[in-house]
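The values are calculated or read from the model by the stated rules, or taken from the named source; none is laboratory data. All values reported here derive from a predicted model rather than from experimental measurement. Backbone-built Cβ (ideal geometry, glycine too); neighbour counts: all protein chains shown. Ligands, DNA and RNA are excluded from the accessible area calculation, which covers all protein heavy atoms including side chains. Shrake-Rupley method; radii C 1.70, N 1.55, O 1.52, S 1.80 Å.
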Amino acid sequence: MVKVIMHGCNGHMGQVITDLIVKDENAQIVAGIDMADCRDNGYPVFTDIKACQVEADVMIDFSSFKATDGVLDYCVERQLPLVLCTTGLTEEQLDKMKECSQKVAILKSANMSLGINTLLKLLQDAAKVLATAGFDMEIVEKHHRLKCDAPSGTALALADSLNEAMDNQYHYVYDRSQVHQQRDDKEIGISAVRGGTIVGDHDVIFAGPDEVITFSHRAYSKAVFGKGAVEAAKYLAGKPAGLYDMQDVIG
Ligand SMILES: NC(=O)c1ccc[n+]([C@@H]2O[C@H](COP(=O)([O-])OP(=O)(O)OC[C@H]3O[C@@H](n4cnc5c(N)ncnc54)[C@H](O)[C@@H]3O)[C@@H](O)[C@H]2O)c1
């Protein structure tokens, strides 16, 4: 039984994880931490991270970058492996995370979905065959109308995966409205659509002469991120210090 401390337990993702772990016989949330203590979760909730001294095997964090420094210090001090899912970390925080990972196990991924992380691997094989054969690579991502950043971190991760497979020879084009010329052979176009309540759609298009292959991922609910985070927590519990990602979980 993996004992989890849920940081950000009263937010959207904290509640998704709470619901998932209640049904999971191999994991248990032993404590939650959140600046908002607004509901009964069936486990103790601490509004001050330092006050939480409950024994655990791993922490899952879905909160805010504003909390990240405190979360990192806490996990190093308590030697508690950390699944760090919060996005929007500053460069300084990313550096601090790398330093802390020399003292405790940290797993970080901008997208915890097992589907996207499998896609990142599959795309590398596809790119090696298709881009080498002259297929153009384009990414189209769609998200809900409230999302402020574009393109999504996941679209960039997909582009990086394609580019890495092609020895980083490609560059990214985000907006063609000012580019009055044909596309370059070595570009990856990334387009963003915003509207309604779309949770997260990503299409990776390989367009060649007379044929097109599209890899599509659709997230229908935030549960996909929660499931990945719970799998990551089970994987990370008991692991030695180091920086891990979802590719390690997928194996
Ligand atoms: N990696 C992924 O796959 C993935 C998926 C979804 C969301 N996220 C990220 O996870 C984070 C949380 O997402 P959400 O949708 O649950 O947000 P949310 O706003 O619904 O929940 C955040 C929770 O954290 C708490 N919190 C904020 N600052 C805190 C602090 N300083 N100390 C203690 N608690 C604090 C809030 O009270 C809230 O309950 C965001 O950064 C989001 O981008 C990552």
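Among the residues making up segment 184-198, those that are open to solvent by 40 Å² or more (accessible area, probe 1.4 Å), on the phi < 0 side of the Ramachandran plot and of a type outside the set (S, T, N, Q) are 184, 185, 186, 192, 193, 194, 198.
Scan segment 70-91 for residues that are over 19 Å from the mean Cα position of the chain (by Cα) and not basic (Lys, Arg) and jot them down. 70, 73, 74, 75, 76, 77, 79, 80 - these are the residues of segment 70-91 that are over 19 Å from the mean Cα position of the chain (by Cα) and not basic (Lys, Arg). Residue check: is residue 32 in contact with an Asp or Glu (Cβ under 7 Å, 6 or more places away or on another chain) and not in a loop (DSSP other than H, G, I, E, B)? Taking the combined requirement at face value, the residue does not satisfy it.
Looking at this structure, is residue 205 out of contact with any Phe, Trp or Tyr (no Cβ under 7 Å at 6 or more places or on another chain) and within 30 Å of residue 12 (Cα to Cα)? Answer is no for this residue. Considering every residue within segment 226-234, establish whether at least one is over 23 Å from residue 11 (Cβ atoms) and open to solvent by 60 Å² or more (accessible area, probe 1.4 Å). No: zero hits. Scanning segment 47-63 for residues that are over 16 Å from residue 236 (Cβ atoms) and open to solvent by 50 Å² or more (accessible area, probe 1.4 Å) yields 47, 48, 50, 51, 53, 55, 63. Checking each residue in segment 64-100 for being open to solvent by 30 Å² or more (accessible area, probe 1.4 Å) and among the hydroxyl-bearing types (Ser, Thr, Tyr) picks out 64, 87, 90. The single condition among (1) touching a strand residue (DSSP E or B) at 6+ places or on another chain (Cβ under 6 Å); (2) surrounded by fewer than 12 Cβ atoms within 10 Å (Cβ to Cβ) that residue 201 does not meet is (2). Identify the residue in segment 14-31 that is open to solvent by less than 40 Å² (accessible area, probe 1.4 Å) and farther than 20 Å from residue 75 by Cα and, among all such residues, is farthest from the ligand (Cβ to nearest atom). Ranking the qualifying residues of segment 14-31, first place goes to 24. Residues that are buried (at least 22 other Cβ atoms within 10 Å of the Cβ), within 13 Å of the ligand (Cβ to nearest atom) and not in a loop (DSSP other than H, G, I, E, B) within segment 1-13 comprise 5, 6, 7, 13, listed in sequence order. Annotation: of all residues in segment 205-225 being under 18 Å from the mean Cα position of the chain (by Cα) and open to solvent by less than 60 Å² (accessible area, probe 1.4 Å), the one that is nearest to residue 245 (Cα to Cα) is 225. Report, by residue number, each residue of segment 32-46 that is open to solvent by 10 Å² or more (accessible area, probe 1.4 Å), small (Gly, Ala, Ser) and within 15 Å of the ligand (Cβ to nearest atom). Answer for segment 32-46, where residues must be open to solvent by 10 Å² or more (accessible area, probe 1.4 Å), small (Gly, Ala, Ser) and within 15 Å of the ligand (Cβ to nearest atom): just 36. Counting only residues that are in contact (Cβ under 8 Å) with a residue 60 or more places away in the chain and out of contact with any Leu (no Cβ under 9 Å at 6 or more places or on another chain), how many does segment 20-45 have? The number of residues fulfilling the criteria is 4.
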